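Report on the following structure.
Read-outs throughout are calculated quantities, based only on the coordinates presented, and are distinct from any laboratory measurement. Since we're looking at a predicted model, the values are computed, not measured. Positions of Cβ are backbone-derived with ideal geometry, glycine not excepted, and every protein chain shown enters the neighbour counts.
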Amino acid sequence: MTESETPTRRAWWKRPRVWTAVVVVLVATSIAGLALLRGGEDSSQPRVAVPPPVVQEPSEALPADPNGPYTGSDVDAIGRGMRVPADPNGHVLEQTPRTSSSRLTQPIAPPQGLEWQKVYGAPMPFSTSDGPTAISADGVPSGFSRTPQGAALASLQILMRATYGPREVRQAILDSSVIGSAELKNTVLNAPSEPQYQTIPAAVQILEDRYSENSASVRWMFGPLPAPEEFPTTNGTVYHGGAIPVIWENGRWKLKLTEAVVSSELSDFEEYLDDPRWATTWF
């Protein structure tokens with residue numbers, strides 16, 4: 001693929017949103033990635049019936065005070081609950097005295113006080129133990145712990161903000177929290193962003209040979225979603241995601257932008273999350 005073609009590609013984390021948007025809410029859209037659904041019909045393959053999302057409120061009641069940190073609650077396209085912060089950049093949670101352990105365990109235990117907030121229309125994870133501890137006026141989160149949990153939180157926060165934030169937020173994130181070439185950063189900055197049908201990840205994983213105190217490769221999986229023709233499954237559904245590399249630099253986690261991160265390669269599929277190293281309780 002040539003450099004001139006790069007801006008038209010869609011990243012792997014946007015494809016779960018595409019499938020869910022089309023199947024669950026039956027919205028016709030022309031964004032890239034719809035080819036997964038519009039291929040030739042094959043009557044020999046069973047059709048997948050996906051039920052509509054079930055309303056699922058966050059586990060804790062939201063404050064009644066309209067001037068409080070939240071304006072209400074919402075659900076993602078699969079029905080998983082998330083809070084809507086009053087601050088468009090997100091609400092930082094009060095932190096506990098101790099962070100998670102710096103030692104990688106399998107599976108990765110969720111951080112304390114894990115909470116999903118709808119920021120720029122996309123679900124983002126916040127915790128009371130591993131950050132973020134602050135968010136700047138231009139939308140840059142900081143204070144993620146130097147732990148597996150902190151790396152995981154930072155990876156998704158940085159990626160979602162660089163993808164779905166207002167242009168000034170994306171620029172601030174790319175300048176402060178992303179390592180990569182100017183060409184790849186420009187691809188992210190100028191890519192269309194449509195987060196309204198984004199979903200909370202179903203699972204997260206960091207393998208033993210992919211983590212150190214200075215780097216991590218965090219795999220996030222979304223689903224269950226209808227299986228595409230490229231990856232037929234026995235039950236007609238699939239989990240889909242990819243790895244997000246992060247580097248510890250200058251006292252903070254930064255996303256390492258690579259061709260794989262911004263590409264539309266459809267290579268990371270799982271039929272079942274039955275590997276014991278998957279943490280499936282992060283929502």
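Exposure proxy ranking for E94, E271, E183, based on other Cβ atoms within 10 angstrom of each Cβ and starting from the fewest, stands as E94, E183, E271.
With the simple model of a label 7 Å out from the Cα in the direction of the Cβ, S101 to D268 spans 2.6 nm.
For G180, the residues whose amide H sits under 5 Å from its own are L257, ignoring neighbours fewer than 5 places away on the same chain, with H placed 1.01 Å from N.
The S215 and E94 beta-carbon pair, evaluated with R₀ = 35 Å, returns a calculated FRET efficiency of approximately 0.75. Packing-based ranking of 150-163, 235-248 yields 150-163, 235-248, ordered from highest to lowest mean Cβ neighbour count within 10 Å.
Extension gain for S136 to T280 (0.36 nm times residue separation, less C-alpha to C-alpha distance): 48.8 nm.
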